[in-house]
Amino acid sequence: MIDSRFIFLAALLSFAGTYGYIRDTLRGDTSPNRVTWGLWAIEGLLAFVVEIQQHVGLASLTTLMLGLMPFVIVMVSFKNPHSVWKIGRFDLFCGLISLAGLVFWGLVNEPTVALISFVAADQIAALPTVRKAWIAPSTESPRVFFLGVANCGITLLTLKHFTTAGVLFPGCILVTDLLIGLLVVTRFGDRTARAANAKLTSAT
């Protein structure tokens, strides 16, 4: 475990990552998916409220950043309409399922079940960006996701007690951010598609 004041470093990393993502969006180098980022904003802010109610402590500051930063990205995306990823059926489907998970979270009375449904909704909201990182990695900026990994990792290390409420949300975000960041950097999906097309071409 590390000193809880490291949470301010985590928040700073989150801010730095978001600043770079916003800059790339305004330049047209990055195309944020509004479904993912919009839902991340809603879910991050809701999670912050829940953590405050459950007395998670200073670590809840990271969760607050996980809600505020996506909100800012969505707002900035309207400044440059040419940099916004076109929303398709898959994006809308994931968005609706994620919203349904949030509704279920709000209605269920069992805390553990509610938390799991909430985190599931958050992960489903990430799928459109995971897919985008697979098929079009050049439209994403990996820095924000890797700094998100560092952010959540520091947050987990500052926890004095590992509880489901304190660990599950940042832990799942850490895994998702790492996956998206790696897909963007390695361009694995793009290279896989090219290899498949090359095999198809050679076969014909």
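Things worth noting here:
- Those residues of region 126-160 which are within 18 Å of Gly17 (Cβ to Cβ) and touching a Leu at 6+ places or on another chain (Cβ under 7 Å), in sequence order: Val130, Ala133, Pro137, Leu147, Val149, Ala150, Asn151, Cys152, Gly153, Ile154
- Some residue of region 28-38 being touching a residue at least 12 places away in the same chain (Cβ under 8 Å), of a type in the set (Lys, Arg) and surrounded by fewer than 17 Cβ atoms within 10 Å (Cβ to Cβ): no
- Residue selected from region 61-110 under the condition farther than 16 Å from Ile22 by Cβ and touching a Ser or Thr at 6+ places or on another chain (Cβ under 6 Å), by the criterion surrounded by the fewest Cβ atoms within 10 Å (Cβ to Cβ): Phe104
- Candidate set: region 132-185, residues that are aromatic (Phe, Trp, Tyr) and closer than 30 Å to Ala196 by Cβ; chosen: the one surrounded by the most Cβ atoms within 10 Å (Cβ to Cβ): Phe145
Taken together, the values in this text are just the output of simple stated rules run on the coordinates, not laboratory data. Please read all numbers here as calculations on a predicted model, not as lab measurements. When we count neighbours, we look across all protein chains shown, and the Cβ atoms used for this are built from the backbone with ideal geometry, even at glycine.
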